[in-house]
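Asks: The structure's right below; bear with me while I get my questions together.
The values are calculated or read from the model by the stated rules, or taken from the named source; none is laboratory data. Just so it is clear, the structure is predicted and the values come from calculations on it, not from any experiment. No Cβ is skipped: glycine too gets one built from the backbone with ideal geometry, and neighbour counts run over all protein chains shown. When the accessible area is computed, the model is the full protein with side chains, heavy atoms only, and any ligands, DNA or RNA have been set aside. Shrake-Rupley method; radii C 1.70, N 1.55, O 1.52, S 1.80 Å.
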Amino acid sequence: EAGNPAQAAKWYGRAAALDPSNDEALCALGWARLRSRDTGEAAAGFRRVLGHDPDHAWAKLGLARAELASSQPRQAVTLLTRAAAAGPSVNLAALFLGRAYEALGDTGNAIEAFRQAAGLDSIFPEARQALGRIYLRSHRFNEAFRQFSKVLDVDPRNAEIVGLLAKVGPLLSGQAARLETVRSPVTQVADSPAFPERVPVLRIGIGTTA
């Protein structure tokens with residue numbers, strides 16, 4: 001699925017056609033369509049699942065992600081606030097909620113959502129990178145440095161984070177500046193795309209229901 005979302009959508013679509021009541025197949029199809037940037041069809045599929053099961057956590061999260069991708073952050077905030085309240089997707093919901101608040105220009109709530117995502121999963125580098133970036137934009141350089149450093153603890157070869165630390169390093173003060181000096185020298189600023197999003201891989205059984 002991660003390497004070929006269009007092919008994944010094809011197979012999930014076949015599973016859903018064989019059993020239209022299989023919400024897991026429909027939800028997996030929606031996520032594959034999101035990865036293929038087919039947000040309209042993805043949203044329609046998630047709404048079908050929620051029509052069967054209004055509390056389906058991954059469908060709520062997927063619909064919110066589709067709304068965010070369609071430049072509808074206010075609708076996304078409403079959906080994600082509910083999704084972040086409970087369920088297996090709570091850390092991912094908090095990450096997307098932070099992005100929705102960012103799109104609305106609400107830095108305070110974005111930081112709080114990213115902190116929640118990072119706190120729920122200590123090895124969730126996407127959340128820590130997002131938190132570091134928003135701290136960097138807010139000129140909270142020491143806090144940005146701490147978050148980027150935690151990403152490197154998990155992914156020491158991450159060129160983008162190495163580059164961001166190169167930007168932050170000269171701006172540090174106090175203890176963070178002393179910590180920076182013991183790290184490996186950073187001499188190049190990377191300009192690479194943001195982290196790929198973590199998306200759920202849903203395992204489905206053809207002919208079964210959710």
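Asks: Going by the conditions given, is L97 touching a residue at least 60 places away in the same chain (Cβ under 8 Å) and among the hydrophobic types (A, V, I, L, M, F, W, C)?
Replies: no
Asks: Also, quick follow-up: Among the residues of the range 75-115, write down those that are at pLDDT below 90 and open to solvent by 20 Å² or more (accessible area, probe 1.4 Å).
Replies: Q75, T78, L79, T81, R82, A85, A86, G87, P88, V90, N91
Asks: Any idea which residue in the range 117-132 is surrounded by the most Cβ atoms within 10 Å (Cβ to Cβ), counting only those that are of a type outside the set (A, V, I, L, M) and not in a helix (DSSP H, G or I)?
Replies: Per the criteria, the residue is F124.
Asks: I want to confirm something. Restricting to the range 44-74 and keeping residues that are of a type in the set (G, A, S) and either open to solvent by 30 Å² or more (accessible area, probe 1.4 Å) or in contact with an Asp or Glu (Cβ under 6 Å, 6 or more places away or on another chain) (or both), which single residue is farthest from P125 (Cα to Cα)? Full working, then the answer.
Replies: Taking the range 44-74 first, the residues of a type in the set (G, A, S) are 44-45, 51, 57, 59, 62, 64, 66, 69-71.
Filter once more, keeping what is either open to solvent by 30 Å² or more (accessible area, probe 1.4 Å) or in contact with an Asp or Glu (Cβ under 6 Å, 6 or more places away or on another chain) (or both): 44, 51, 69-71.
Details: A44: 30, G51: 33, A69: 21, S70: 25, S71: 24 Å.
Selected residue: G51.
Asks: Of the numbered conditions (1) within 28 Å of E67 (Cα to Cα); (2) assigned to a helix (DSSP H, G or I); (3) open to solvent by 30 Å² or more (accessible area, probe 1.4 Å), V162 satisfies every one except a single condition; which is it?
Replies: It fails just one condition, (1).
Asks: Read through the list (1) open to solvent by 20 Å² or more (accessible area, probe 1.4 Å); (2) in a helix (DSSP H, G or I); (3) at pLDDT 90 or above, then give the number of the only condition that H139 fails.
Replies: That leaves (2) as the condition not met.
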